[in-house]
Amino acid sequence: MKMRILVLIILFAIPYRIIAQNDDLGNQTITVYTEFSPILKDANRMLFLPAIVDTIKITPRFEYDVKNLNFKTKFLPSQIPAASIKGEPLKPLDNGLINLALGNYLSPKVEIYYNNTREKEYSVGAMGSHHSSFGTIKNVAKQKIYAGFNDNYIAAYGKKMFRSYNLLGDINFSSQQRYFYGYDPYLIIPADQFKPRDRSEMEMQRYNRFSVNFGLHNAEASNNKLDSKSDLKYQYFFAHSGDKQHKIDFKSDINKLIKNNRYGIDLGVLFNNNIPDTTSTFNQTFLNINPYFKHYTQNWQIKLGLATTGEFAKDTVIYHFYPDVMIQHNISNVLIPYASFKGYIENYDFEYSSTINPFVNRINNFGITNHAQVIDLGMKGNISQKAYFHLNANYSKIDNMAFFVNDTSLILDNKFSLEYTNVERFSGYGGIALRNIGKFDAILKGHYYYYSYIKSRELPWHMPTVDVRLIIKYNFDDNLNFGISGDFVGKRYAKLYVKPTGSTEPDGLAYYEKELKPIIDFNLFGEYKFASNFYAYLNLNNITGQKQYVWNNYMSQGFNFMAGIKYLF
């Protein structure tokens, strides 16, 4: 058996080559008899890769050098066309306006305006107006008396714009005619006197003013240049009574802005040559020197200044010194609280007094009112984009304040003289404006006054304690609007030296107080646009027909209307 196995091993170990034969060997059978069973062991895999250990390590080193070489380049950007901003087209302007109207009491009204349209270098224009009334009213005794008036005004003006300044000028003439119809019909008049009722019997006064004005205003305000504004005015005043006045008024404001601060000074000289009659004259000169400092930021405005006024008249030289302080703070562009402290004077000559009360007596009325302390605290702002408000509280210490009282030197008491009294006055103001609330616009504003007098029993003659104004306008569409306005003026008092009819005051007093009833005045108005340049309007005034007295014994017209047209060209 062992022999057989050895023979087989030798046979398999001997190499041999099998050569293919073309001849077919046929089928052969080989039978091997043995008990040997070969067994193969499992192979185990090596868990690592073969690696060659290099005992010599070479670290590479690189050396390089950058040489700066300047290469000349030339870049020519392509030209970009200038950007153009196209705004909305400007709305065409009209050169002129004609307003023609007529009302009851034979009251014509004419207004004409003419102005050039947009120009870069100049602006010129002219205007003229006339308003008069020739009607009569019934006084408290049911007597018809003439109560007409006549007002006229014409003016021409111009402005020339240069690069660094503007030159302004105007020339104008005005005339106001009034009749002294305000007498008490129950006065006891001597037999040789009469109470005028017709126009031909009534005394008349006419106030005429002719003035020429020039102005030179700087048009460039910067940190490097002075900013200046100067105005010169000449006025000639002459009245039907023979009174005359020459007035020269010069004002100049010179200042410089340095960053957020402005340093400046206001200068002014006013000269009055008063000629009450052909035999006398009375000159007055007022000199104002007011240095100031202003500070501006986004939310603050502060002014610190000193106002000085010198009075120079015959045998009189008086200097006044006033603070000129103002502080204002902007809170989120919604609320603006402010406070100010200042002072000034008022010169009550005949020309100035007639602008307040045209029924003033021409003699013995000259006086200076000194507003020694004027303190304001207020708040203004926006409730919304359509609602605005303003609140103010004021304290004024006034020396020699002027009040109009009936002149008892005249038989009819139908003119007024001035009485002067030291006063402390407290006042409050409130106003609100509503714009485009739906189709409505509205304004409501009013004052309240409280006077504290040094003299006993004195009252603020002809001055109200309350006044209120209301205006409501409704814009129906682009062509039609209408509305209502109302005025309320509280009760006032007139000072009389003769006991008035119906008075319960005891006899023998130095003077008596006559209460003037409150003024309640409601008006309706409407306007219709037929074309872009043609309007018609109607005003109905004092629709309740109230008997109103602005000045004692001078009753205003009752219900009256004014119908007119406006034409733009």
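Enumerate the pairs (first residue in the range 246-272 and more than 19 Å from GLY305 (Cα to Cα); second residue anywhere and charged (D, E, K, R) and open to solvent by 70 Å² or more (accessible area, probe 1.4 Å)) with beta-carbon separation below 9 Å, excluding pairs fewer than 6 apart on the same chain, so at least 6 apart or on different chains.
These pairs meet every condition: LYS247/LYS233; ILE248/LYS233; ASP249/LYS233; PHE250/LYS233; LEU270/LYS251.
Can you list residue pairs whose Cβ atoms sit under 8 Å apart, with the first residue in the range 172-196 being farther than 24 Å from SER354 by Cα and among the β-branched types (Val, Ile, Thr) and the second being part of a loop (DSSP other than H, G, I, E, B) and open to solvent by less than 40 Å² (accessible area, probe 1.4 Å)? Count only pairs 6 or more apart in sequence or on different chains.
Sorted first by the residue in the range 172-196, then by its partner, the pairs are ILE189/LEU412.
Would you pick out the residues in the range 168-214 that are in a strand (DSSP E or B), more than 36 Å from the chain's Cα centre (by Cα) and of a type in the set (Ser, Thr, Tyr)?
The answer is TYR179, and nothing else.
Quick check on this structure: which one of PHE403, PHE359 is under 22 Å from TYR429 (Cβ atoms) and buried (at least 17 other Cβ atoms within 10 Å of the Cβ)?
Values: PHE359 fails: under 22 Å from TYR429 (Cβ atoms).
Within the list PHE403, PHE359, the selection yields PHE403.
Scan GLY486, GLY508 and give me the residue that is open to solvent by less than 60 Å² (accessible area, probe 1.4 Å) and either touching a strand residue (DSSP E or B) at 6+ places or on another chain (Cβ under 6 Å) or assigned to a loop (DSSP other than H, G, I, E, B) (or both). Show your work before the answer.
Details: GLY508 fails: open to solvent by less than 60 Å² (accessible area, probe 1.4 Å).
Only one candidate qualifies: GLY486.
Among all residue pairs at least 6 apart or on different chains, which show Cβ distances below 6 Å where the first residue, located in the range 105-133, is closer than 28 Å to PHE162 by Cα and open to solvent by 50 Å² or more (accessible area, probe 1.4 Å) and the second is part of a strand (DSSP E or B) and of a type in the set (D, E, K, R)?
The qualifying pairs are TYR122/LYS160.
Mind checking which pairs have a first residue in the range 287-304 that is under 10 Å from MET326 (Cβ atoms) and open to solvent by 70 Å² or more (accessible area, probe 1.4 Å) and a second that is outside any strand (DSSP E or B) and not aliphatic (A, V, I, L, M), Cβ under 9 Å, 6 or more apart or different chains?
GLN301/ASN330
Which strands (runs of 3 or more DSSP E) does the range 322-413 wholly contain that include 1 or more residues that are without any contact (Cβ under 8 Å) to a residue 12 or more places away in the chain and out of contact with any strand residue (DSSP E or B) (no Cβ under 9 Å at 6 or more places or on another chain)?
On the way: elements: 335-348, 367-384, 387-406.
The strands (runs of 3 or more DSSP E) meeting that bar are 367-384.
So, LEU226, is that one in contact with a Phe, Trp or Tyr (Cβ under 8 Å, 6 or more places away or on another chain) and within 25 Å of ASN288 (Cβ to Cβ) or not?
For LEU226, the condition - in contact with a Phe, Trp or Tyr (Cβ under 8 Å, 6 or more places away or on another chain) and within 25 Å of ASN288 (Cβ to Cβ) - is not met.
Only one of these is open to solvent by less than 40 Å² (accessible area, probe 1.4 Å) and out of contact with any Leu (no Cβ under 7 Å at 6 or more places or on another chain): TYR322, TYR388, TYR348. Name it.
Unique residue meeting the criteria: TYR322.
If PRO460 meets every condition in (1) modelled with pLDDT of 95 or more; (2) within 15 Å of VAL489 (Cα to Cα) apart from one, which number is that one?
Of everything listed in (1) modelled with pLDDT of 95 or more; (2) within 15 Å of VAL489 (Cα to Cα), PRO460 misses just condition (1).
Conditions: (1) of a type outside the set (Ser, Thr, Tyr); (2) modelled with pLDDT of 95 or more; (3) in a loop (DSSP other than H, G, I, E, B). ASN224 meets all but one. Number of the miss?
Failing condition for ASN224: (2).
Restricting the range 521-558 to residues that are touching a strand residue (DSSP E or B) at 6+ places or on another chain (Cβ under 8 Å), under 17 Å from ASN139 (Cα atoms) and in a strand (DSSP E or B), which is modelled with the highest pLDDT?
Filtering first and then ranking leaves TRP551.
The values are calculated or read from the model by the stated rules, or taken from the named source; none is laboratory data. In this text, all values refer to a predicted model and were calculated from it rather than measured experimentally. Ideal geometry is used to build each Cβ from the backbone, glycine not excepted, and the neighbour counts take in all protein chains shown. Only protein heavy atoms, including side chains, enter the accessible area calculation; ligands, DNA and RNA are left aside. Shrake-Rupley method; radii C 1.70, N 1.55, O 1.52, S 1.80 Å.
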